[in-house]
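S.K.: Can you read through this structure? Questions will come right after.
The values are calculated or read from the model by the stated rules, or taken from the named source; none is laboratory data. All values derive from a computational prediction rather than experimental measurement. Cβ coordinates were reconstructed from backbone atoms using ideal geometry, including for glycine residues, and neighbour counts include every protein chain displayed.
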């Protein structure tokens, strides 16, 4: 079938003429006329470079399986030997339904205050729906500790935490404590006296008189046990009667704030007490007594009044008769102390 080609001549944008062929078509249908106006082509809205997030009370689910698992974070304060502290736990479970309370436990090894018994301590806890919990902990001995945190949630694996427990520094004079109503029940109190001494560098240690109240250290005082050739009995005893200022019949010395140590076979031969004068304070922490336990005794002038800041007075007024006292000799590391010379230097 023959086709008839129509020849069209058009002028290009370069001004040249160009011929091309176009097939002949049937007559075009009548279409409505549309007037082209600017409203048909509205000004385009630019796409923002940063898409703002849509606020939501709950985070959007993550496609990462690891991010969908609950996690347990923790925060430790500064930890000190024998002092109660609080471990803060936070359960993060944004993408998983968790049934509360979530039960768990802290597990760690510790020693008794006399360093003789090793025990595994287990502290149980329950995390409430808020996801946050403060767990009280106490470590009786200083140094590095490995603490294991476990929960009953299979999605949270148990983890081990390494913590460092600062030693409670032994001092000449008692530390100031917050005002409280102290129990007079001797079962709430305990005295631990360690007669071990070491003068070698990092292993340095001094004799100390440790007082605990309901399991927590209240005071750690430098003391002096028997000098070479003398004897301070070791063992488990109890504190006996007190006297404000008795005088030794054997050594003719005044012994302020005397607390008897009840030792089988003896009456008032052994006790803890202060002395009159300052010279003996320089030797506290080292063997220097005739067998008793020496503690500090010092009067100072403050605000126009005389005040006794000694350790002997503190024990005399706070620790009740019948309190258990354990006297032993064991190395404890790490160890920290402040001698009388150090105390004077700090105040100067």
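S.K.: Report yes if residue 220 is loosely packed, with under 12 Cβ neighbours inside 10 Å, assigned to a strand (DSSP E or B) and either modelled with pLDDT under 95 or in contact with a strand residue (DSSP E or B) (Cβ under 8 Å, 6 or more places away or on another chain) (or both), otherwise no.
M.R.: no
S.K.: Go through 284, 275, 344 for me and flag whichever is free of Cβ contacts under 8 Å to residues at least 24 places away in the same chain and touching a strand residue (DSSP E or B) at 6+ places or on another chain (Cβ under 7 Å).
M.R.: 275
S.K.: Also, I was wondering about something else. Across region 150-168, which residue is farthest from the chain's Cα centre (by Cα) among those that are in contact (Cβ under 8 Å) with a residue 24 or more places away in the chain, part of a loop (DSSP other than H, G, I, E, B) and exposed (fewer than 14 other Cβ atoms within 10 Å of the Cβ)?
M.R.: Selected residue: 155.
S.K.: Criterion first (over 19 Å from the mean Cα position of the chain (by Cα) and either modelled with pLDDT under 95 or in a strand (DSSP E or B) (or both)) does residue 95 satisfy it?
M.R.: yes
S.K.: Sticking with this structure for a sec: Quick check on my filter: what residues within region 171-187 are surrounded by 14 or more Cβ atoms within 10 Å (Cβ to Cβ) and out of contact with any strand residue (DSSP E or B) (no Cβ under 6 Å at 6 or more places or on another chain)?
M.R.: 173, 182, 186
S.K.: For the structure I just gave you, tell me whether residue 192 is at pLDDT below 95 and either in contact with a helix residue (DSSP H, G or I) (Cβ under 6 Å, 6 or more places away or on another chain) or closer than 18 Å to residue 324 by Cα (or both).
M.R.: So residue 192 does not fit the description; no.
S.K.: Only one of 147, 138 is within 15 Å of the chain's Cα centre (by Cα), within 23 Å of residue 208 (Cβ to Cβ) and modelled with pLDDT of 95 or more; which?
M.R.: Unique residue meeting the criteria: 138.
S.K.: In contact (Cβ under 8 Å) with a residue 60 or more places away in the chain, assigned to a loop (DSSP other than H, G, I, E, B), touching a helix residue (DSSP H, G or I) at 6+ places or on another chain (Cβ under 6 Å) and not assigned by TED's automatic domain parsing to the domain that holds residue 112: does that describe residue 322?
M.R.: So residue 322 passes the test.
S.K.: Go over the candidates 287, 256 one by one and state the one that is assigned to a loop (DSSP other than H, G, I, E, B), under 29 Å from residue 337 (Cα atoms) and more than 36 Å from the chain's Cα centre (by Cα).
M.R.: On inspection, the qualifying residue turns out to be 256.
S.K.: Then there's this: Output the residues belonging to region 252-263 that are in contact (Cβ under 8 Å) with a residue 12 or more places away in the chain and either in contact with a helix residue (DSSP H, G or I) (Cβ under 9 Å, 6 or more places away or on another chain) or exposed (fewer than 11 other Cβ atoms within 10 Å of the Cβ) (or both).
M.R.: The answer is 255, 256, 257, 258, 259.
S.K.: Restricting to region 259-280, what's the tally of residues that are under 25 Å from residue 320 (Cα atoms) and not in a loop (DSSP other than H, G, I, E, B)?
M.R.: Matching residues across region 259-280 total 7.
S.K.: Among the listed residues 215, 240, 235, 274, identify the single one that is modelled with pLDDT of 95 or more and under 21 Å from residue 339 (Cα atoms).
M.R.: 274
S.K.: Do we find that residue 209 is outside the structural domain of residue 112 (by TED's automatic domain parsing) and buried (at least 19 other Cβ atoms within 10 Å of the Cβ) in this structure?
M.R.: Here the answer is yes, as residue 209 does meet what is asked.
S.K.: When you go through (1) in contact (Cβ under 8 Å) with a residue 12 or more places away in the chain; (2) more than 23 Å from residue 190 (Cβ to Cβ); (3) out of contact with any strand residue (DSSP E or B) (no Cβ under 7 Å at 6 or more places or on another chain) one by one for residue 246, which number turns out not to apply?
M.R.: Single failed check for residue 246: (3).
S.K.: Also: If residue 103 satisfies every condition in (1) under 30 Å from residue 324 (Cα atoms); (2) surrounded by 13 or more Cβ atoms within 10 Å (Cβ to Cβ); (3) modelled with pLDDT of 95 or more but one, which is the exception?
M.R.: (1)
S.K.: Could you run through region 98-134 and say how many residues are outside any strand (DSSP E or B) and closer than 19 Å to residue 157 by Cβ?
M.R.: Matching residues across region 98-134 total 3.
S.K.: Determine, yes or no, whether residue 321 is surrounded by fewer than 16 Cβ atoms within 10 Å (Cβ to Cβ) and closer than 28 Å to residue 116 by Cβ.
M.R.: The answer is yes for residue 321.
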